[in-house]
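*Asks:* Dropping the structure in here first, questions after.
The values are calculated or read from the model by the stated rules, or taken from the named source; none is laboratory data. Bear in mind that the values here come from a model prediction, so they are computed numbers and not experimental data. Cβ sites come from the backbone with ideal geometry, for glycine too, and all protein chains shown count toward neighbours.
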């Protein structure tokens, strides 16, 4: 049970940083690039898995064996696969209160202003509720990015944000701005 809680907490921060720090967003954006929301969206995963290492390394330092951490990650990702659906409406209130549900995750995938940077939970939604990042699904969700990329080319889908970071860093006039384009939030601009 301790590993379940620790992994869920690590996943929350991994996912949150993946939205709030641009270089991590560049890795995660592939998952959000679809304008549709179905089980295939769950399969759009990062091709830069080493971005996750800093978030789960502390679990190993706490004494959890690597195979246990990997097994718990597999359980979490398997659970999360099934919440990528519009076919399931809201679930009974006690479930919606504790668990990340299809409704909560639909909101997370929304590009509507109300849903941006919300509902980072893995299996549970508890961390979002405690840390102020929870948003219930209250309006029809518009899927995709705030600025969609208009391509299905897998190379462009996987690399477009890295290319944008490189363009922004090259155009920046100071080191402060260059670092901002890499480590501040997506959409941050020096201008």
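*Asks:* Considering only the range 112-129, state which residues are in contact with a strand residue (DSSP E or B) (Cβ under 7 Å, 6 or more places away or on another chain) and assigned to a loop (DSSP other than H, G, I, E, B).
*Replies:* If the condition is that a residue be in contact with a strand residue (DSSP E or B) (Cβ under 7 Å, 6 or more places away or on another chain) and assigned to a loop (DSSP other than H, G, I, E, B), then 123, 125 are the ones that fit.
*Asks:* So, one more: Which numbered condition trips up residue 125, out of (1) surrounded by fewer than 12 Cβ atoms within 10 Å (Cβ to Cβ); (2) modelled with pLDDT of 95 or more; (3) under 28 Å from residue 78 (Cβ atoms)?
*Replies:* With (1) surrounded by fewer than 12 Cβ atoms within 10 Å (Cβ to Cβ); (2) modelled with pLDDT of 95 or more; (3) under 28 Å from residue 78 (Cβ atoms) applied to residue 125, the lone miss is (1).
*Asks:* Out of the range 56-73, which residues are under 16 Å from the mean Cα position of the chain (by Cα) and farther than 16 Å from residue 124 by Cβ?
*Replies:* The one that is under 16 Å from the mean Cα position of the chain (by Cα) and farther than 16 Å from residue 124 by Cβ: 56.
Yes/no matrix, rows are residues, columns are (1) assigned to a loop (DSSP other than H, G, I, E, B); (2) out of contact with any helix residue (DSSP H, G or I) (no Cβ under 7 Å at 6 or more places or on another chain); (3) modelled with pLDDT of 95 or more; (4) under 24 Å from residue 145 (Cβ atoms):
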position: 3; (1), (2), (3), (4): no, no, yes, no
position: 6; (1), (2), (3), (4): no, no, yes, no
position: 9; (1), (2), (3), (4): no, no, yes, no
position: 12; (1), (2), (3), (4): no, no, yes, yes
position: 27; (1), (2), (3), (4): no, no, no, yes
position: 34; (1), (2), (3), (4): yes, no, no, yes
position: 71; (1), (2), (3), (4): no, yes, yes, no
position: 79; (1), (2), (3), (4): no, yes, yes, no
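*Asks:* Next up: Suppose the filter is assigned to a helix (DSSP H, G or I), at pLDDT below 95, under 19 Å from the mean Cα position of the chain (by Cα) and closer than 23 Å to residue 143 by Cα; does residue 53 pass it?
*Replies:* Against the criterion (assigned to a helix (DSSP H, G or I), at pLDDT below 95, under 19 Å from the mean Cα position of the chain (by Cα) and closer than 23 Å to residue 143 by Cα), residue 53 does not qualify.
*Asks:* Quick one: how many residues across the range 17-43 are more than 9 Å from the chain's Cα centre (by Cα) and under 18 Å from residue 115 (Cβ atoms)?
*Replies:* Of the residues in the range 17-43, 9 are more than 9 Å from the chain's Cα centre (by Cα) and under 18 Å from residue 115 (Cβ atoms).
*Asks:* Another question, if that's okay. Which ones in the range 130-159 are over 17 Å from the mean Cα position of the chain (by Cα) and either part of a helix (DSSP H, G or I) or on the phi > 0 side of the Ramachandran plot (or both)?
*Replies:* Answer for the range 130-159, where residues must be over 17 Å from the mean Cα position of the chain (by Cα) and either part of a helix (DSSP H, G or I) or on the phi > 0 side of the Ramachandran plot (or both): 130, 150, 154, 155, 156.
*Asks:* I would also like to ask the following. Applying the selection to the range 14-24, what residues are part of a helix (DSSP H, G or I) and over 24 Å from residue 99 (Cα atoms)?
*Replies:* Within the range 14-24, 22, 23, 24 meet the criteria.
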